[in-house]
2 protein chains.
Amino acid sequence: MPRQKYGEIYRALKGRIEAGEYPVGQLLPSENTLIGEFGCSRNTVRRALAGLVRDGYVQTRQGWGVCNIFQPIEPSSYTMGTIESFAETSRRTGQHSSTRVVLFTLCTAGEELARRTGFPAGTELFYLQRVHDLDGVPRILNHNYFRWDCMPGLTAQIAAGSSYRYLEEKLGMSIVTSKRTITVERATEEDRQWLELGEYDCLAVMSSQTYNSDGVMFEYTQSRHYPGIFRFQDNAVRTPEHHSIAEKRGPQ
Amino acid sequence: MPRQKYGEIYRALKGRIEAGEYPVGQLLPSENTLIGEFGCSRNTVRRALAGLVRDGYVQTRQGWGVCNIFQPIEPSSYTMGTIESFAETSRRTGQHSSTRVVLFTLCTAGEELARRTGFPAGTELFYLQRVHDLDGVPRILNHNYFRWDCMPGLTAQIAAGSSYRYLEEKLGMSIVTSKRTITVERATEEDRQWLELGEYDCLAVMSSQTYNSDGVMFEYTQSRHYPGIFRFQDNAVRTPEHHSIAEKRGPQ
DNA sequence: CCCATTGACTTGTTTAAACAAGTTAGGTAT
DNA sequence: ATACCTAACTTGTTTAAACAAGTCAATGGG
């Protein structure tokens with residue numbers, strides 16, 4: 001039993017869709033056809049297709065088929081629809097990026113900080129302030145709070161690179177879930193000190209709580225973006241289990 | 001074979017988590033336990049759990065268990081994390097809301113509009129402009145474009161209510177996928193004409209393309225929000241199939 | 001005391017099969 | 001011609017079983 005046959009099928013189909021091998025607005029080959037082509041069971045094909053539905057590549061309809069709804073996007077846009085580090089995103093979009101650490105201290109979460117971040121009061125934290133430059137212009141001000149007891153040996157040197165890569169590669173800690181909130185806020189003095197806001201007086205603010213594989217929230221980040229480059233993409237699917245009578249009261 | 005046993009299990013577990021019946025940060029009962037409790041197969045339990053992972057209620061780890069990572073949220077916040085109509089959202093948050101249609105015309109998509117919306121050039125469209133009031137104050141300016149050939153009998157009267165409800169209930173057209181983009185834009189004269197922006201000079205803009213069950217994009221909407229009430233929530237999970245070498249190039 | 005191994009758990013992946021239910025085209029009876 | 005029905009597709013749901021792989025505590029022997 002090889003590992004992740006459904007992942008291979010997912011990537012194969014995604015590649016074909018992006019390459020335009022299936023006409024947009026038309027049906028993909030049926031599940032039975034794909035079973036024959038990939039030599040696997042129906043469940044495995046269906047799992048790959050479910051991933052394509054989740055990511056907005058296709059849509060399914062009972063009794064009909066799997067429809068290609070892919071529309072290519074300008075690669076220059078600065079997308080944030082998935083968990084990506086700043087370095088990953090800028091590499092993908094081909095923009096030159098760099099990161100400066102402007103503050104690196106230890107602190108303990110007080111009542112106010114605990115309420116804002118979701119850490120329990122009294123938690124010892126690294127507080128890291130970083131400025132991201134895009135093509136030489138300061139565009140993102142990042143406030144990172146890391147649980148001290150989850151980050152053995154974090155130094156400013158490491159933080160200057162990609163803290164996500166540090167976590168995943170060095171610690172073998174796989175980042176699993178990230179709860180994010182996007183708001184728009186007025187620029188503060190601090191924002192103006194570090195970013196070139198031009199004529200804007202607001203910022204796009206993305207706050208996120210990240211959990212490690214132990215189920216411990218180990219990071220709270222607030223990213224304050226220059227509005228002109230901020231672009232968040234998302235894909236929403238109404239799943240049957242949401243269709244119930246009960247209204248939703250989302251977590252976070 | 002009853003319909004959607006996994007949906008029942010999903011809702012049962014979600015309800016228990018929200019009610020605090022499982023300690024936060026602790027493990028839920030194991031799959032085997034849940035199989036016994038709900039009297040179903042392992043796959044069905046796993047499907048319910050997968051929904052809870054997607055929605056940020058729990059996290060799983062191989063060899064360990066299913067961990068509760070639920071954190072309740074203030075119910076007053078104006079959340080947009082799933083496909084919801086304005087009416088649904090305001091009812092859920094308990095705010096009084098009303099909608100005014102300020103423009104309702106037919107138009108044909110020109111080159112520029114086609115590029116912006118994603119409709120093919122030449123498509124006949126309803127153009128609907130609506131203002132949403134929240135507790136009596138105009139807060140959202142909505143530009144809706146509907147494909148004329150997908151909307152038999154739409155009138156201003158109906159549009160004044162919930163166009164989503166109209167679509168789902170009257171036409172039996174189940175809305176499936178919605179591709180959304182969030183940006184921040186400077187307020188235009190038109191924005192200031194309809195909304196009370198106060199000291200803000202920016203808006204939160206959410207553009208969305210909605211597909212019907214035929215795989216046809218039948219709606220393009222741009223919602224321009226007063227920044228103070230805009231709040232978008234999201235949950236991101238790094239799935240194994242994304243972990244590949246190939247970078248992502250999101251659709252839409 | 002320390003370290004390796006084992007065994008009993010846990011979730012992750014895949015297969016095979018059966019039935020339910022929606023869609024569509026073609027054939028039949030009116 | 002029209003209306004209905006059927007048959008052959010399609011995807012949706014559920015079950016059962018097997019094996020892979022990660023975790024953790026108990027049990028050893030050194």
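Structural remarks
- Likely footprinting exposure, A:Y57, B:Y127, fewest C-beta neighbours within 10 Å first: B:Y127, A:Y57
- Amide H contacts of B:T177 (H built 1.01 Å from N, under 5 Å, at least 5 apart or other chain): B:Y211
- Count Lys and Arg as plus one, Asp and Glu as minus one, and take only other residues whose Cβ is under 15 Å from that of A:G136; the net charge is then -1.
- Label point of B:R61 (7 Å along Cα→beta-carbon): distances to the other copies' equivalent points are 4.4 nm, sorted ascending.
- Rounded to whole Hz, the Karplus (6.51, -1.76, 1.60) HN-Hα couplings of region B:35-44, x for glycine and proline: 4, x, 5, 8, x, 8, 7, 5, 4, 5
- When chain B is turned onto chain A, the axis of that turn runs closest to one Cβ of chain B, and that residue with its distance in whole Å is B:C202, 2.
- Footprinting exposure proxy for B:F38, B:F230 (fewest neighbouring C-beta atoms within 10 Å first): B:F38, B:F230
- Between identical copies, the spacing of B:Q4 label points, each set 7 Å from Cα toward the C-beta atom, reads 3.2 nm from nearest to farthest.
- Taking Lys and Arg as +1 and Asp and Glu as -1, the other residues whose beta-carbon sits under 14 Å from that of B:T44 total +2.
- Modelled FRET efficiency - R0 25 Å, B:D135 with B:R192, Cβ distances, 0.05 increments: 0.80
- Exposure proxy order (Cβ contacts within 10 Å, fewest to most) of B:V24, B:V205: B:V24, B:V205
- Sorted shortest first, the distances from the B:R46 label point to those of the same residue in the other copies are 1.2 nm; each point sits 7 Å from Cα along Cα-to-Cβ.
- Region B:5-68: radius of gyration and largest Cα-Cα distance (Dmax), Å: 10.5, 27
Read the figures in this text as sums done on the coordinates, not as results from a lab. Keep in mind the model is a prediction, meaning the values are calculated, not measured. In this analysis, Cβ positions are derived from the backbone assuming ideal geometry, glycine residues included, and neighbour counts consider all displayed protein chains.
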